[in-house]
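Heads up: the structure comes next, in structure tokens.
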Amino acid sequence: MLDDVYQSFEDVDGNFLEQFQTNGFNARYFELYLFAYFSRSGFIVKRPKPNPDFLVSRGGILVAVEATTANPSKEGVLAEAGKKISNLQGIELLEYEQHELPIRFGGPLSSKLERRYWELEHCRGLPFVVAIEAFHDEQSLMMSDGGLIRYLYGTEETVTWAQGGQFRVETKAIKEHTVGDKTIPSGFFSQPEAQHISAVLFTNSGSNAKFSRMGYQHGVGCDVISMTRIGYCFNPRSDVMDPTFFLYNLDGPPLVESWGQGLVVLHNPNALKPLPKDFFLDSLESHFEEGALRSYPSRWHPLSSQTLTSYLGEGKVKELMARFRPIQCVVAAISQEQFRGFCGGYTAPASLEENGWLIDETVSFAGLVLRDKTDNDWGYAVLGRDTQFCFMAITKSRGFDTRYQARIQLQNKIAELLSHPQRIFPKP
């Protein structure tokens, strides 16, 4: 798939292959992904000069796009005091997203701001967009846009539940981000020169996994390879706060994947040249409106995912395929009212506060995110059907430091139960 895209790629710098094969691999990979998206999604792509990377047009609108990446730090505070994502959990992971990730994004974005590409003759008067992807850590592609959003807008959102299962979102300002003795101001879009940046285009999908899945959709390797995708996607409902867990096999996918699936457009509310809405096809667009961030997906939007590839060779023959049942699993958040409708009168013990409700698409299992009012830690309960087909708690877990941990483990547990055929459970 990489070779196929590269056939029509114009190397205006003259060093693409050299950097792709040496110390510029991630940056060049991202550049090739962006070209695949633009050239195969109906855009007219021009590369008249080495900078910026692309001039793309659609519907008579011309936009300049410059690509950059967050890379590993070889020196300085981040090299010395930076954390490895695989070693983090709970509060540490939240702090990483609140501070280190914004600083990781801040460096390359500020660098592009200093270059003042919008003053170039072929960019004057055009909306200017910076595209960015994080490659600074082995697991950086598993992180969504949360840290970047904090840095760009200088805000973060907290959610509290009201009586009756309604939640309130509060937006508060962030002044700075700190790691060790390094502190940077928050609110990139509020910096004076940042008014020339129309939007930031983010993805964690410009990767080998993306090219592999797109190649599979093009019919490459389907006879000998099995591919399964697992992750979390955006839940567009306005009455829930949690993303949806998904799992599917690419031999029977629930949708056709596009090159733009996974792209996020973060609009600058202070831009001198605002980017037109819906310019970047198949993306999720975020706007800061009435003091809060609002997100609008054009279609199904993955927040993060992993793709598992297995080589089966001659074992994947037509006879096997004829018996193969594609795997698919979805565990999504629902409202408290819907939960009560599915699960009847089940309520959590008085010492526990219900803080989220989930169910799988087959309505086999339901789940509750729970906060212990006494210890102020987090847990969950999974509900299954008893012999009378009424929901009851079949497994519980407690002692998590954060709600995020409890919710992730709850969705994973329901997915694990769905992989086994048992759907009815006797009362203890």
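I need the full set of residues from the stretch 184-212 which are among the β-branched types (Val, Ile, Thr) and either crowded, with 22+ Cβ neighbours inside 10 Å or more than 28 Å from Ala79 (Cα to Cα) (or both), in order please.
Listed by number, the residues that qualify are Ile197, Val200, Thr203.
Would you point out the residue of the stretch 1-10, among those that are assigned to a loop (DSSP other than H, G, I, E, B) and open to solvent by 50 Å² or more (accessible area, probe 1.4 Å), that is farthest from Met214 (Cα to Cα)? It would help to see each step written out before you state the result.
Start the filter on the stretch 1-10 by keeping residues that are assigned to a loop (DSSP other than H, G, I, E, B), which leaves 1, 7-10.
Going one step further and asking which of them are open to solvent by 50 Å² or more (accessible area, probe 1.4 Å), we end up with 1, 7-8, 10.
On the way: Met1: 7, Gln7: 16, Ser8: 17, Glu10: 21 Å.
Filtering the stretch 1-10 for residues that are assigned to a loop (DSSP other than H, G, I, E, B) and open to solvent by 50 Å² or more (accessible area, probe 1.4 Å), the one farthest from Met214 (Cα to Cα) comes out as Glu10.
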- Qualifying positions in the stretch 410-428 - surrounded by fewer than 16 Cβ atoms within 10 Å (Cβ to Cβ) and in a helix (DSSP H, G or I): Asn412, Glu416
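Output the residues belonging to the stretch 327-356 that are in a loop (DSSP other than H, G, I, E, B) and at positive phi.
Our first condition is that a residue be in a loop (DSSP other than H, G, I, E, B); within the stretch 327-356, this holds for 327, 335, 344-351.
If the condition is that a residue be in a loop (DSSP other than H, G, I, E, B) and at positive phi, then Gly344 is the only one that fits.
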- Starting from residues that are within 30 Å of Gly399 (Cα to Cα) and among the hydroxyl-bearing types (Ser, Thr, Tyr), keep the ones in the stretch 42-97 and report whichever is least open to solvent (accessible area, probe 1.4 Å). Tyr96
- Message: From the list Thr244, Thr228, Thr309, exactly one residue is surrounded by 14 or more Cβ atoms within 10 Å (Cβ to Cβ), at pLDDT 95 or above and among the polar types (S, T, N, Q). Which is it?
- Response: Thr244
- Check off (1) outside any helix (DSSP H, G or I); (2) open to solvent by less than 60 Å² (accessible area, probe 1.4 Å) for Glu100 and give me the number that stays unchecked. (1)
- Got at least one residue in the stretch 391-403 being open to solvent by less than 40 Å² (accessible area, probe 1.4 Å), within 22 Å of Gly231 (Cα to Cα), under 25 Å from the mean Cα position of the chain (by Cα) and basic (Lys, Arg)? yes
- For the stretch 44-63, which residues satisfy the criterion of being more than 18 Å from Lys112 (Cβ to Cβ) and touching a helix residue (DSSP H, G or I) at 6+ places or on another chain (Cβ under 8 Å)? Val45
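Being under 18 Å from Ile424 (Cα atoms), acidic (Asp, Glu) and either in contact with a Cys (Cβ under 8 Å, 6 or more places away or on another chain) or assigned to a strand (DSSP E or B) (or both), is that true of even one residue in the stretch 365-377?
no
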- Would you pick out the residues in the stretch 378-390 that are open to solvent by less than 20 Å² (accessible area, probe 1.4 Å), more than 17 Å from Leu418 (Cβ to Cβ) and in a strand (DSSP E or B)? Gly379
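Among the residues of the stretch 253-269, how many are assigned to a loop (DSSP other than H, G, I, E, B) and touching a strand residue (DSSP E or B) at 6+ places or on another chain (Cβ under 7 Å)? Outline the logic, then answer.
So in the stretch 253-269, the residues assigned to a loop (DSSP other than H, G, I, E, B) come out as 253-263, 268-269.
Those still in the list that are touching a strand residue (DSSP E or B) at 6+ places or on another chain (Cβ under 7 Å) too: 254, 261-263, 268-269.
Of the residues in the stretch 253-269, 6 are assigned to a loop (DSSP other than H, G, I, E, B) and touching a strand residue (DSSP E or B) at 6+ places or on another chain (Cβ under 7 Å).
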- Applying the selection to the stretch 270-303, what residues are assigned to a strand (DSSP E or B), open to solvent by less than 20 Å² (accessible area, probe 1.4 Å) and touching a Phe, Trp or Tyr at 6+ places or on another chain (Cβ under 9 Å)? Leu284, Glu285, Ser286, Pro302
- Item | Output for the stretch 18-41, where each listed residue is open to solvent by 50 Å² or more (accessible area, probe 1.4 Å) and hydrophobic (A, V, I, L, M, F, W, C) | Phe25
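Report, by residue number, each residue of the stretch 391-408 that is of a type outside the set (Phe, Trp, Tyr) and assigned to a strand (DSSP E or B).
The first filter runs over the stretch 391-408 and keeps only residues of a type outside the set (Phe, Trp, Tyr), leaving 392-399, 401-403, 405-408.
Those that are of a type outside the set (Phe, Trp, Tyr) and assigned to a strand (DSSP E or B): Met392, Ala393, Ile394, Thr395, Lys396, Ser397, Arg398, Gly399.
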- Within the stretch 147-173, the residues that are aliphatic (A, V, I, L, M) and modelled with pLDDT under 95 are Val159, Ala162, Val169, Ala173
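The values are calculated or read from the model by the stated rules, or taken from the named source; none is laboratory data. Model, not experiment: these values are computed from the prediction. Quick reminder, even Gly has a Cβ in these numbers, built from the backbone with ideal geometry, and neighbours come from all protein chains shown. For the accessible areas, the whole protein counts, side chains as well, though only heavy atoms, and no ligand, DNA or RNA atoms are used. Shrake-Rupley method; radii C 1.70, N 1.55, O 1.52, S 1.80 Å.
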